[in-house]
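No value in this document is a laboratory result; all are computed from the given coordinates. The structure displayed is predicted, hence computed values, not measured ones. Neighbour counts are summed over all protein chains in view; Cβ atoms, including those assigned to glycine, are modelled from backbone coordinates with ideal geometry.
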Amino acid sequence: MIKKAIFIFFSSFLLLLSLIPLFGDNRVDNIEIYVVLDKSLSMVEEIDSVKKYILTEILDKIVINGDYFTLIPFYGESSASFNGYINSNIEFQDLKEKIETIEADGRFTDIGNALETLRTNINKTNNSTRKYMLLITDGKQEAPPESPFYSPDGSFNHEFLKNTKEIRKSGWKVIVLGIGTDSAAKEIAQRLSAGYSVIKNNISSDKIESTMDNFLGNLILEDFPEKLTVDNEGNSILTIQITSDGYENREKVNIVEIQFISDNIPSINILENPFVFDVDPIGSSEIAIPVTLPIIDENSYKGDIIFIFGGENAFTPAIKPIMIETKGSYSKYIVIISLIVLLFVIIFYTLRIIRRKRMEDNGNANEPI
């Protein structure tokens, strides 16, 4: 009888524990985390270390009750194996089991298809929630021939690039983690306007954790001009304001390109050289970036500025609309107005001279002979 009572007590105690979420972070505001994980055959040796990192460093230390979590394992195909809010320890344990059962057993590496799956699984019920995306892969884009993201040379086609625009525009923090020496993490990150890191060898969960040391830190583009005026040669200064959130130290940002694209102009890089700057951990940092834009016949034209980063840090959002106005267009009108004013001055003084000449002639005519 006593043994039965003890058994019931401990069973009840364990049941109560199972209903209490064991979340690790002390945040108050909820976030959304999207993990896109390469499970192609080439990830066989690294997949266990990657899974351990996700389990111990993201789920156990970052995720809290009420967060939205999406897990997308991919190879030539992809699907969301978990997608939704985590509101109980049962859901938390279900997510852990989904991660633990992932095996590197698929052919091809269709990152474009994985991002399309991500797009269809984005939480649309709360646009104000901060979104974090972690893409882990050991290879380059290698879609199967039947995929809409396929290209013979593995380059990113139009469908892939179109798919990345929504992520870059909406202010997500995107991190690309490249595994192994052949990883195309840099190229993928630049297409996503994201920060990236590469671990080339001796892959372990501890090494991944030390590389991804501030998952929740954000650099936010707070202030961006609606209009930019360029001189007759297209030169101007793009002044922006970046705020650091969640970082304890100054963070270095390396902008390798600033692309400008509009209806009239194909995408061009308006940054002559890579631009590196630091962001203070407290308050906002004002950054003045020299740029050179094309001069066209229009007095002003609209387009999008797209920031491309090199290294771990990137600010968000990475795409902003802007109006370009040229001083040259105004100078034409200034010259015309100046010529008109000058013409009036010439006419005015010419008439005065003629009038004075006539008065002098009339005066001479009235003198006695």
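Annotations for the structure displayed:
- Relative contact order (%) - criterion: Cα under 8 Å, at least six apart; region: region 18-216: 22 percent
- Other residues within the sphere of radius under 9 Å centred on the Cβ of Ser262, judged by their own Cβ, net out at -1 (K and R +1, D and E -1).
- Evaluated on region 18-216, the Kirkwood hydrodynamic radius is 16.9 Å, with distances taken between all distinct Cα atoms.
- Each Cα pair under 8 Å and six or more residues apart adds its separation to the average, and for region 219-328 the resulting relative contact order is 38 percent.
- Backbone HN-Hα couplings from phi across region 235-250 [Karplus 6.51/-1.76/1.60, Hz, Gly and Pro as x]: 7, 6, 10, 8, 9, 10, 10, 10, 10, 9, 9, x, 9, 9, 10, 5
- Given charges at Cβ of Lys, Arg, Asp, Glu: the chain dipole, positive-most of Ile47, Gln241, Pro274: Gln241
- The Cβ shell under 12 Å around Ser42 holds other residues with a net charge of -4, Lys and Arg each +1, Asp and Glu each -1.
- Note, ³J(HN,Hα) from phi for region 68-73, Karplus 6.51, -1.76, 1.60, rounded to Hz, x at Gly and Pro: 9, 10, 10, 10, 10, x
- Normalised by the number of residues in region 131-253, the average gap of Cα pairs under 8 Å and 6 or more apart makes the relative contact order 20 percent.
- A simple rule links phi to the HN-Hα coupling: the Karplus curve 6.51 cos²θ - 1.76 cosθ + 1.60 with θ = phi - 60°, which for region 284-291 gives 10, 10, 8, 10, 10, 10, x, 9 Hz, with x for Gly and Pro.
- Placing dummy labels 7 Å off each Cα toward the beta-carbon, the span from Lys162 to Arg356 is 7.4 nm.
- Net charge of Cβ neighbours under 13 Å - reference Asp213; Lys, Arg +1; Asp, Glu -1: -4
- Simple rule: put +1 on each Lys or Arg Cβ and -1 on each Asp or Glu Cβ in the chain, find the dipole, and look at Thr350, Thr120, Leu161; the Cα lying farthest toward the positive end is Thr350.
- Between the labelled values (1) 31.3, 155; (2) 19.2, 56; (3) 22.6, 70, the entry that holds Rg and Dmax of the Cα atoms in Å as derived from this structure is (1).
- Listed residues Ser210, Ser267, Ser78, most fluctuating in the chain (Gaussian network, C-alpha, under 10 Å): Ser210
- Placing +1 on the Cβ of every Lys and Arg and -1 on the Cβ of every Asp and Glu, with nothing else charged, gives the chain a dipole about its Cα centre of roughly 1080 debye.
- MRE, 222 nm, helices only [DSSP H, n ≥ 4, -39500 (n - 2.57), over the chain, to nearest 500]: -10000 deg cm²/dmol
- Using a cut-off of 25 Å between Cα atoms, the listed pairs Lys96/Lys173; Lys162/Lys200; Lys131/Lys320; Lys61/Lys140; Lys169/Lys302 include Lys162/Lys200; Lys61/Lys140 as exceeding that distance.
- Gaussian network model of the chain, springs between alpha carbon atoms under 10 Å - residue of Asn264, Asn89, Asn235 with greatest fluctuation: Asn264
- For Arg130, distant residues with modelled amide H under 5 Å away: Glu32
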